[in-house]
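Below: the structure, in structure tokens.
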Amino acid sequence: MWVKTKLTNRECLIFALTDLNLSPQVHETAQPLKGYYGGSQGQSAEIIVSGRTIKARADIGFKWNQSSGVYDVIHDSYETVPKLGKDFFSNKLMLAYGKHLVRVKAAELQEKFGECAIAQITNGSVQTLRLTFAGHQEVKQFVRR
């Protein structure tokens, strides 16, 4: 199964997978994935989470899609959903990825706006990362639902 994502930053993706205790294996060139993917064998990816990590029979792959400029997720939903939950890729992974992406952007903006403080506020299912820059009055907020 292929999942379209908005995962574009390699380092943030690796950090997010690590935060979620998924021990990603990172390769410069795509490596073969082990397991079953709805009959389409021969899948490969540059970032691989071994199936053993989640006690599944199939690896999870994150393959760089040159034409769209994002990582596509290759996984076997029969293996991943029982182990990780049905909203793992759209919710948990994107949330962990988003936190790292905001920190990367904040680091870039610090040169322009001064020291940055990041506050995390959770209200129900909405998590907000609030960035406050010392040298700038405007407050930028990035909301992830």
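The values are calculated or read from the model by the stated rules, or taken from the named source; none is laboratory data. Because the structure is a prediction, the values reported are computed rather than measured. No Cβ is skipped: glycine too gets one built from the backbone with ideal geometry, and neighbour counts run over all protein chains shown.
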Subject >> strands (runs of 3 or more DSSP E) wholly inside region 7-110 that include at least 3 residues being buried (at least 17 other Cβ atoms within 10 Å of the Cβ) >> reply: 44-49, 60-65, 70-74
Original post:
Among the residues of region 75-100, how many are within 13 Å of the chain's Cα centre (by Cα) and over 29 Å from Ala119 (Cβ atoms)?
Top reply: 0
**OP:** Name every residue in region 31-53 that is among the hydrophobic types (A, V, I, L, M, F, W, C) and modelled with pLDDT of 95 or more, in order of residue number.
**Re:** Ala45, Ile47, Ile48, Val49
Original post:
Which residue pairs have Cβ atoms under 7 Å apart, sit 6 or more places apart or on different chains, and have a first residue in region 86-102 that is under 11 Å from Phe15 (Cβ atoms) and a second that is among the acidic types (Asp, Glu) and surrounded by fewer than 18 Cβ atoms within 10 Å (Cβ to Cβ)?
Top reply: Ala96/Asp19
Original post:
When you look at Gln120, is it over 17 Å from the mean Cα position of the chain (by Cα), within 22 Å of Glu11 (Cβ to Cβ) and assigned to a strand (DSSP E or B), yes or no?
Top reply: yes
Original post:
Within region 49-73, how many residues turn out to be among the aliphatic types (A, V, I, L, M) and more than 13 Å from the chain's Cα centre (by Cα)?
Top reply: 3
